[in-house]
C-alpha cells in the first residue's frame, strides 16, 4: 500500500514544488536544517508565555496558527529526509523499537528521566 | 485508504507508547514543543561546521545519526499534532495550496526571497 | 571605562582562542548561528519536562549544567557579533529603548501579549 | 570595577523593565528558555538561504536586523541567568578554561571535530 502513503505523496509534491521554482540549489541539507529550526521556533513561540494548562486550550486563532507551523515543520522535514535519501517511516519504526528498549515500561513508568538517568 | 496511512499508524503507536509509560502528564503541547526544538537542534548540530556541499555527502555514520534525529523530530511532531487535535496531512495540503499562491512560479523562480520581499 | 568591559574582554579571549586553533575558517556567521541554536537547545532541554515552578528550583547538578550551557550560548553570541562587526552593548541599549516604546507600561502591565496584539 | 560591567548594568535594566510591567510572573526559567530559542531562530532565519560567503557580507538592512536579534538573544540570556542566579561572566571564564583543556591546540588545530571525536 506504499503508493497511498501520506509521506510519499507529500515528498513528491514538495519535489515538484521546488523543481518548478528552481529551488533545489537552495535546498542543501545544511540550509534545510536551518529552515526547519526556524519553523519549529514559530511553534515554541506560540506556547512560550502560556502555562502548560493554557497550552492545552488554544484559542481558535492560535490553533490555526499552530496548524500552519506544524505543516511548515513537516514539509521541511520531509524535504530534508528526501534530500538525504532517508525514509522517514522506516526511520520512525526503527527508532520506536530502539526507544522500546531504552525505556522499558517498568523502569520509566511515570518518570520523565532520560534513559541515561534511569 | 486512511487505515494504511503512515501518519495515522505512527500517531497510534506513539499514543500507546506514552500511555504504557504514563507519560501523558508530561506531554503538554508546551512541553512537546520544547522537546521538538531540542531534537531539531540535534539535526542542525550535524551540519553546523559542514559546508553546504559537505552536507550533501554525509558519512555513513553521520547519515545514520541523522536518520535517528529525523525520526525523533517526526515523532514529537506527530505527538504534538495529536495532542492539539490537528491532522498533519490536511494541514500540509492546506499549507501547500497557500504556498502556491504566496510563491507564484514566475515571481520566485530561482529566488530565495521571502514572499513579503518579492 | 570600556577597557574594563566584560563583553570586550570576552570578545578578545574568544578571538585568540579561535586564532590559536585556526578555527576562523569555520566561524562564518552562518555556521555560528547554527552553533548558537544548538547550544540554546541544550538549555531548553534542561527545562522541557519541568513545570514552570520546578524550573525555578533546579538541583545543584542541573544548575551547574545550565551555567555551562549559558556560557556556551554567550560565547557563540559574542563571537557572532564580533564576526559581523556588531557591538552587543550598543545593540542592547538601542533595543531597550525600542522596547520601551513598543511596550508602554500602562498598555502592557501584567500582560504577555505581543506588541502587535496589544 | 564590577560596577562598570556591561552585563551587570544590563541585568539591572532588564529587572527594572520587567518589574515595571509586572512581567516577573511570566519570566520563569522555563519560559525564558523558550523565548531565548525563539529569538535565536530569528538569527538563523537571516542566514538560512545564504552561502557561508554571503553570510559574511550582509546588506545594511540585514545587518541592522541581525543587530536587533542579537540584542534580543542577549537580553533573554541575561534575564535567564539572573533568574537562575548565575553570573554569566564567571560562567564564561570557567567554560573557557574547560574548553582550553578539551581542545588542546595541537590536537584540534584546523579541525572542526568535537572533543569526543578528536
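The values are calculated or read from the model by the stated rules, or taken from the named source; none is laboratory data. In this text the structure is predicted, and so the values were computed from the model without any measurement. Here the Cβ is made from the backbone with ideal geometry for all residues, glycine too, and neighbour counts use every protein chain on show.
If we scan region A:71-79, do we find a residue that is assigned by TED's automatic domain parsing to the domain that holds residue A:26 and more than 21 Å from residue B:44 (Cα to Cα)? Within region A:71-79, not a single residue is assigned by TED's automatic domain parsing to the domain that holds residue A:26 and more than 21 Å from residue B:44 (Cα to Cα).
On the basis of being under 21 Å from the mean Cα position of the chain (by Cα), over 29 Å from residue D:49 (Cβ atoms) and not assigned by TED's automatic domain parsing to the domain that holds residue A:12, does residue A:96 make the cut? Yes.
Every residue, every condition in (1) in contact with a helix residue (DSSP H, G or I) (Cβ under 7 Å, 6 or more places away or on another chain); (2) without any contact (Cβ under 8 Å) to a residue 60 or more places away in the chain, yes or no:
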site: A:62; (1), (2): yes, yes
site: A:69; (1), (2): yes, yes
site: A:73; (1), (2): yes, yes
site: A:79; (1), (2): yes, no
site: A:83; (1), (2): yes, yes
site: A:95; (1), (2): yes, yes
site: A:98; (1), (2): no, yes
site: A:107; (1), (2): no, yes
site: A:111; (1), (2): no, yes
